[in-house]
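Data first, discussion second: the structure below is written as structure tokens.
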Amino acid sequence: MKFIAIALAALFASLPPGARAAAWEPAPGHVQVPIWPGTPPDAQPLSGPEFVTTRNTVAGKPWTAAERVSRPTMTVYAPKGRNTGAAVVVFPGGGYWVLAMDLEGTEVCDWLTSRGITCVLLKYRVPGDRQQPQSGPYPKSPMALQDAQRSIGLVRQNAAQWHIDPHRIGVLGFSAGGHLVAAISTHFERRLYPAVDAADKQSCRPDFAVALYPGHLWIDDDKFELNPDVPVSERTPPTLLLQAEDDHVDGINQSLVYYIALKNAGVPVEMHLYPSGGHAFGLRPNAFPITRWPALVDTWLQTIGMTSD
């Protein structure tokens with residue numbers, strides 16, 4: 001924790017006054033932690049500093065996008081009241097271009113912490129500019145997956161201080177973040193970067209995984225085959241998938257093809273498909289039953305032994 005405070009102070013001291021206001025920051029009482037002590041691996045120059053924008057409404061409320069993220073961070077949200085010992089690293093979506101920091105980030109952390117689960121919100125690298133290369137998917141670009149590997153290692157390294165069971169650390173992601181869930185679930189045997197410190201000696205394999213309306217898993221319209229860059233094995237962690245049949249951004253074949261690969265590999269997997277709901281609904285309830293998905297995840301986590309009643 002001392003390393004975290006020192007690193008954060010150094011980061012903020014180096015920023016001009018106007019830059020901090022432009023970048024995404026968590027609510028008061030929560031601290032962003034840079035996940036890399038220096039320049040991140042495979043860093044790409046961006047067209048300007050990080051900033052946030054307000055996007056169209058979802059369930060009657062606008063959502064906030066973080067753009068041009070070049071210095072990834074994680075923000076730890078401790079459980080409210082009872083602590084189950086479980087932790088979830090959350091990957092917001094945004095097409096590997098931007099990050100939906102509230103819709104698919106802080107609002108999810110509020111729910112997780114209310115259930116006694118530590119939430120770690122990862123602000124991974126994204127360019128925010130379609131003239132820049134995306135931060136994923138891997139292997140086309142390794143940056144987002146590098147950030148995911150690093151963050152899980154850091155959570156395990158700090159498990160005792162953060163009152164987390166190191167064997168109950170999972171991931172949850174939306175859209176591109178759902179693909180990142182699949183990527184980290186199948187790319188944990190070796191780091192995609194040279195080790196930085198002791199955190200990189202920790203396993204970066206998630207103990208469980210939740211992917212909501214994921215993308216980049218089915219890439220050939222002529223073949224119903226899983227993206228070969230997502231090499232499912234018997235060591236892929238137990239997974240829950242959720243998607244709407246009328247999702248016109250990432251169709252249900254994205255989840256179906258991954259589900260079948262997981263089943264064939266003998267990986268415990270649960271999938272929920274709904275006829276309606278579209279894409280990018282986050283955790284905001286509306287008229288569609290699919291938006292009640294937190295109850296499904298809650299029950300599933302109990303079923304696989306990650307939490308209890």
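The values are calculated or read from the model by the stated rules, or taken from the named source; none is laboratory data. Source: prediction; values computed, not measured. Note that we place each Cβ from the backbone using ideal geometry, even for glycine, and neighbour counts take in every protein chain shown.
Report yes if some residue within the range 208-220 is closer than 21 Å to Leu273 by Cα and surrounded by fewer than 19 Cβ atoms within 10 Å (Cβ to Cβ); otherwise report no. Reasoning before the result, please.
Here is the first cut: in the range 208-220, the residues closer than 21 Å to Leu273 by Cα are 208-219.
Applying the additional criterion that residues be surrounded by fewer than 19 Cβ atoms within 10 Å (Cβ to Cβ) yields 219.
Yes; the residues of the range 208-220 include at least one that is closer than 21 Å to Leu273 by Cα and surrounded by fewer than 19 Cβ atoms within 10 Å (Cβ to Cβ).
Looking at Ile219, Ile260, can you tell me which residue is of a type in the set (A, V, I, L, M, F, W, C) and modelled with pLDDT under 95?
Among Ile219, Ile260, only Ile219 is of a type in the set (A, V, I, L, M, F, W, C) and modelled with pLDDT under 95.
Of all residues in the range 53-98, which are under 25 Å from Gln131 (Cβ atoms) and either of a type in the set (Lys, Arg) or touching a helix residue (DSSP H, G or I) at 6+ places or on another chain (Cβ under 7 Å) (or both)?
Hits for the range 53-98 are Arg55, Trp63, Thr64, Arg68, Arg71, Pro72, Phe91, Pro92, Gly93, Gly94, Gly95, Tyr96.
Condition first: closer than 30 Å to Asp246 by Cβ, β-branched (Val, Ile, Thr) and either buried (at least 24 other Cβ atoms within 10 Å of the Cβ) or in contact with a strand residue (DSSP E or B) (Cβ under 7 Å, 6 or more places away or on another chain) (or both). Can you find one or more residues in the range 158-165 that meet it? If you could, list the steps in order and put the result at the bottom.
Start the filter on the range 158-165 by keeping residues that are closer than 30 Å to Asp246 by Cβ, which leaves none.
There is no residue in the range 158-165 that is closer than 30 Å to Asp246 by Cβ, β-branched (Val, Ile, Thr) and either buried (at least 24 other Cβ atoms within 10 Å of the Cβ) or in contact with a strand residue (DSSP E or B) (Cβ under 7 Å, 6 or more places away or on another chain) (or both).
Being surrounded by 12 or more Cβ atoms within 10 Å (Cβ to Cβ), out of contact with any Asp or Glu (no Cβ under 8 Å at 6 or more places or on another chain) and in a strand (DSSP E or B) is the filter here; which residues of the range 46-70 pass it?
Arg55, Val58, Pro62, Ala65, listed by residue number.
Which of the following residues is in contact (Cβ under 8 Å) with a residue 12 or more places away in the chain, aliphatic (A, V, I, L, M) and under 24 Å from Pro231 (Cα atoms): Ala144, Ala65, Ala100, Ala59?
The conditions single out Ala144.
Restricting attention to the range 15-41, and to residues there that are part of a loop (DSSP other than H, G, I, E, B) and either over 25 Å from Gln132 (Cα atoms) or in contact with a Pro (Cβ under 6 Å, 6 or more places away or on another chain) (or both), which single residue is modelled with the highest pLDDT?
Per the stated criteria, the residue is Ile35.
Look through the range 252-263, keep the residues that are touching a residue at least 24 places away in the same chain (Cβ under 8 Å) and farther than 16 Å from Phe174 by Cα, and return whichever of them is surrounded by the most Cβ atoms within 10 Å (Cβ to Cβ).
Only one residue fits best here, namely Leu262.
Within the range 233-251, can one find any residue that is in contact (Cβ under 8 Å) with a residue 60 or more places away in the chain and either surrounded by fewer than 18 Cβ atoms within 10 Å (Cβ to Cβ) or in a helix (DSSP H, G or I) (or both)?
Taking every residue of the range 233-251 in turn, at least one turns out to be in contact (Cβ under 8 Å) with a residue 60 or more places away in the chain and either surrounded by fewer than 18 Cβ atoms within 10 Å (Cβ to Cβ) or in a helix (DSSP H, G or I) (or both).
Which is of a type in the set (S, T, N, Q), out of contact with any Pro (no Cβ under 9 Å at 6 or more places or on another chain) and exposed (fewer than 14 other Cβ atoms within 10 Å of the Cβ), of Ser308, Ser276?
On the way: Ser276 fails: out of contact with any Pro (no Cβ under 9 Å at 6 or more places or on another chain).
Criteria check complete, one pass: Ser308.
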